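Novice: Sharing a structure below in C-alpha cells format, with a few things to ask.
No value in this document is a laboratory result; all are computed from the given coordinates. What you see is a predicted model, and the numbers here were worked out from it, not measured in a lab. Quick reminder, even Gly has a Cβ in these numbers, built from the backbone with ideal geometry, and neighbours come from all protein chains shown.
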Amino acid sequence: MVVIYEAPYPAPFFPQQNVFQYLFPEAPGISPIPLFDDSLPAFVDGVTGRTLSRGELRDTALRLGGGMRALAPDTPEVACIWGFNSLEWVVAAYACMAAGVTFSPANAGYTPAELAHQVNDSGASLIFLAPSHLPAFNEAQPLLKRAFPPDRIVLLSETSVSPYKTIYELLGPKIVARRFDRADAGATAWLCYSSGTTGLPKGVMTSHFNITSQIQAGNVGFQRMRPGDMVLGFIPYSHIYGGVIGLLQPISQGAATVVLPRFDEVPVLQAIERFQVTMALFVPPVLIVFLNSPHVKNYDLSSLKTVLCGAAPLSAELVHAFTALIPKCRIIQAYGMTETSPNIANMHRGISVGREYSVGRLLPCYQARLVKENGEDADPSKGEAGELWVRGPSVMKGYHNNPAATDATIAPGGWLKTGDVVTRDAEGWLSVVDRKKELIKYKGFQVAPAEMEGLLIQHENVLDAGVVGVYDPTQATELVRAYLVLAGTDKERTAEDVAAWVAGRAARAKHLSGGIVVVDAIPKSPSGKILRKQLRERAKSEADP
Ligand code: 4UW
C-alpha cells in the first residue's frame, strides 16, 4: 500500500517569479517578501568589515546584469563562477539571477581538470573568476571546448589584472530584473554539480521556482532570521547549502551575512565576536573543531543563539557536547540535497531539545514516502525504515543533458528518490539512519566513488579500484578509502605513490584520507557492478589500513 506523508504545516503561497524579483520586489505586493529598508546591511566582509547594504547589493547586481546583457556578441546563457566566498561572488550570483543568466558555481578547491569538466558540461560562455584562481584557469583553458577570450573572464575583485575587467568595470546601465511569467519561472537559475544517487557529477537544473518555493517554505517553517540577525557564511556558496540557505535565505528575511572565504578556526571565532553573529551555518566536523579548540574560551561567543547543522549525519552526543560548551546556543539540524534545492526537513529552535536524534519534520513544500527494498512502503509504526522519496515544488527539473539519469532519479508521479534510508516517528520527526546510494560525504563535500574509481584506474599500476566512505567519529566525517588491485611487487610503495598521485589530481575532499587497502580482487556482481555494500561492510570492520 502506498503511504504518503504530508508536512504537518500549512503550505505557503509559492510564487512563480524570478528569484531576484522575489527577493527585491520593486513595490509592495509584487512578492511575498516585504520591502526591507535599503540601508540594512546585506553582506559584510568578515575580514575587512566592508559592508554591502541591501540597496547597494540590489543596484550593483542590476548594473552588472546590464553589463552582462551588453556583452558582444551575445549575453551568455550560462556563466560559471570560480573562487572562494567573497562580496564579489555574492554580487555576481545576484546579477546572474536578475539578468536571467543560468549560474553554475564551481567548487573553489577544484583542480583545473575538474573545473574544465564543469565548464564544458554546463556550456558556460562566461566565467567570473577570483584572481587567486587565474593561474589554475589558464591551466584549464586547453581542456575547454570553448575559447574564453579575456572579455569572457571577469574578475571577482576590486582591482583589475590586465587584460581582464573586474565586475565593477563591467557595470552597465541598471536593468529591470527579468520579469517572469508562469512558464519562465521554470527557467534554470542554478546549475550546481552533484553525483546524486550514482555515477559522475551531473548538472542539477534548479529553477527559479524551485528556489522561491524553497525559501517560502523555509521561512514559513523554521529558518527564522530577522532584521538585526547576523548570519555566518563560510559554507561555500558553490554548494547548494551555502548557496540557498547562506546566500539567499537571509536576504529574504532582512538579515545580514558575514562572508568568510572558508572555515578557519580562529578567523571564524573572531568573526563571531566582532560581528556579534547570531546564527551560524555549520557542518558536523566544525562542531568537533570547536570542542577541541584551545581558542574558544578566549572569545565572547554569547551572541550566538542558533547553529544550523547538516549536510552529513550528526550524532546526539555531539549535539549535547556542543550545547555544554555554548549553553545558550541551540543546534538545529537540517537535511536536504542538491536535487531538492536543498532543504527537505528541518528541526526548529523551540523544540529541538530532546529530539537530537532527528533532522526535523518535512518542510511544508513536500510530500514523502518511505520505500523498502522490495518496493513496498515501510511501516514506521513497526520501526521499519525505507528510502525517502519526496515530491514537491523544490524538486529539481532534472539533470542537465542527462535524461537517463533524471529518469533513474525521479520516479513516475514526480517522486525524487533521495538514496537516504530514513525512519519516521508518530509525530513526523525524521531520522536519517543509512545511505543506500554510493555518495561519500567528506566534511559535507560530495565525493563520487565512480569518479574516483575512474581516476584511479588511470594510474599505471592500478589494475582495479573500489572506493567507499569510512566514518571517523573523531572528525565527525566520512573519509575516502580506496580498495585497490595493484601491479608490481612493492605494493606498499605503489600505494603511497597512488595516494600522492591522487592528491595532485583531485580536490582536497577527494584525497584518500581513509587510506588504501590492497586487495586481490574487487568484489563484483556477475554483470560487473562493484559490490560497494560488501566493501562498506569490510571498511567498517577494518581499523586504519
Ligand atoms: N543528516 C544526514 C543530515 C544530512 C545528510 C545531508 O551535497 P548534497 O547534495 O546536499 C547537502 C545539503 C545539505 C543541506 C540542505 C538543506 C539545509 O537546510 C542544510 O542545512 C544544514 C543542509 O549536503 O548531499 C546530500 C546528501 O547529504 C546527506 C544525505 O545523504 C543527502 O542525500 N545529508 N544532510 N542532516 N545526512
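Novice: List residues of the range 502-516, by number, whose backbone nitrogen lies under 13 Å from a label position 7 Å along Cα→C-beta of ASP264.
Specialist: none
Novice: Taking the beta-carbon count within 10 Å as an exposure proxy, list ILE530, ILE211 from fewest neighbours to most.
Specialist: In order of increasing Cβ crowding within 10 Å: ILE530, ILE211.
Novice: May I ask you to list the chymotrypsin sites (Phe, Trp or Tyr not before Pro) in the range 1-39 that are in a DSSP loop and have at most 11 other Cβ atoms within 10 Å of their Cβ?
Specialist: Counting only loop positions with at most 11 other Cβ atoms within 10 Å, the chymotrypsin sites (Phe, Trp or Tyr not before Pro) in the range 1-39 are PHE13.
Novice: How large is the direction-averaged shadow of the alpha-carbon convex hull of the range 395-445, in nm²?
Specialist: 5.1
Novice: Any idea which of ALA130, PRO112, PRO76 is furthest toward the positive side of the dipole for the range 64-164, if Lys and Arg beta-carbons carry +1 and Asp and Glu beta-carbons -1?
Specialist: Most positive-ward Cα: PRO76.
Novice: How far apart, in nanometres, would the label points at TYR471 and GLU273 be if each is projected 7 angstrom from Cα along the Cα-to-Cβ direction?
Specialist: 3.5
Novice: Let me ask another. Report, largest value first, the span of the C-alpha coordinates of the range 184-334 along each principal axis, in whole Å.
Specialist: 50, 38, 27
Novice: Evaluate E = 1/(1 + (r/R0)^6) for GLU26 and SER162, where r is the Cβ-Cβ distance and R0 equals 41 Å; express this FRET efficiency to the nearest 0.05.
Specialist: Working from the Cβ atoms, E equals 0.60.
Novice: Return the FRET efficiency for the residue pair VAL176, THR198: r is the Cβ-Cβ distance, R0 is 45 Å, and the value is rounded to the nearest 0.05.
Specialist: The pair VAL176/THR198 has a calculated efficiency of 0.60.
Novice: Assuming 0.36 nm per residue, please report the length gained on full extension of the stretch ASN374 to TYR357 beyond their Cα-Cα distance. Working shown, then result.
Specialist: On the way: separation 17, 0.36 × 17 = 6.12 nm, distance 2.65 nm.
So the chain would gain 3.5 nm between ASN374 and TYR357.
Novice: Quick check on the exposure proxy: order ARG361, ARG505 from fewest to most C-beta atoms within 10 angstrom.
Specialist: Ordered from fewest to most neighbouring Cβ atoms within 10 Å, ARG361, ARG505 come out as ARG505, ARG361.
Novice: Tell me which residues come under 5 Å, amide H to amide H, from ASP472 once H is placed; ignore anything under 5 positions away on its chain.
Specialist: Amide H neighbours of ASP472: THR477, GLU478, LEU479.
Novice: Another one. Which of rounded, prolate, oblate describes the range 1-123, given a ≥ b ≥ c as roots of the alpha-carbon gyration tensor eigenvalues and a/c under 1.5 marking rounded, otherwise prolate only if a/b is larger than b/c?
Specialist: Judged from the Cα gyration tensor, the range 1-123 comes out oblate (a/c at least 1.5, b/c at or above a/b).
Novice: So, one more: List the aspartates and glutamates whose Cα sits under 20 Å from the Cα of LYS382, skipping any in the same chain fewer than 8 residues away.
Specialist: Those aspartates and glutamates meeting the cut-off are GLU6, GLU373, ASP420, ASP425, GLU427, ASP434.
Novice: Determine the gain in length on full extension of the stretch ASP74-GLU542; use 0.36 nm per residue of separation and subtract their C-alpha separation, reporting nm with one decimal. Display every interim value, and only then the final one.
Specialist: Values: separation 468, 0.36 × 468 = 168.48 nm, distance 5.62 nm.
Net length gain for the segment: 162.9 nm.
Novice: Out of all DSSP beta bridges with both ends in the chain, state the antiparallel percent to the nearest 5. Before the final figure, lay out each step's value.
Specialist: Numbers: 50 of 86 bridges.
Antiparallel: roughly 60 percent of the beta bridges in the chain.
Novice: Placing unit charges on C-beta atoms (Lys and Arg positive, Asp and Glu negative, everything else neutral), compute the dipole magnitude of the chain about its Cα centre in debye, rounded to 20.
Specialist: 700
Novice: Neighbour counts of other C-beta atoms within 10 Å: give me PHE84, PHE24, PHE322 arranged from fewest to most.
Specialist: Placing the least packed residue first, the sequence is PHE84, PHE322, PHE24.
Novice: Of LYS202/LYS510; LYS328/LYS441; LYS305/LYS417; LYS202/LYS533, which sit over 25 Å apart, Cα to Cα?
Specialist: Violating the 25 Å Cα-Cα cut-off are LYS328/LYS441; LYS305/LYS417.
Novice: Stick to Cα atoms and the Kirkwood definition of Rh, then tell me Rg/Rh for the chain.
Specialist: Using only Cα positions, Rg/Rh for the chain is 0.95.
Novice: Note the full-extension length gain between ASP37 and ALA136 as 0.36 nm times their separation in residues minus their Cα-Cα distance, in nm to one decimal.
Specialist: Full-extension gain reported as 31.6 nm.
Novice: Under the Kirkwood approximation for Rh and a Cα-based Rg, what ratio Rg/Rh is obtained for the range 471-540? Kindly include the intermediate steps, with their values, before the conclusion.
Specialist: Working: Rg = 13.3 Å, Rh = 13.4 Å.
Over the Cα atoms of the range 471-540, Rg/Rh equals 0.99.
Novice: Roughly speaking, what is the centre-to-centre gap between the range 472-545 and the range 371-402 when only Cα atoms are used, to the nearest Å?
Specialist: Each part reduced to its Cα centre gives a spacing of 30 Å.
Novice: Normalise the Debye intensity by I(0) for the range 431-499, one equal point scatterer per Cα, no solvent, then take log10 at q = 0.12, 0.14, 0.20, 0.23 Å⁻¹ and round to two decimals.
Specialist: -0.37, -0.49, -0.85, -1.00
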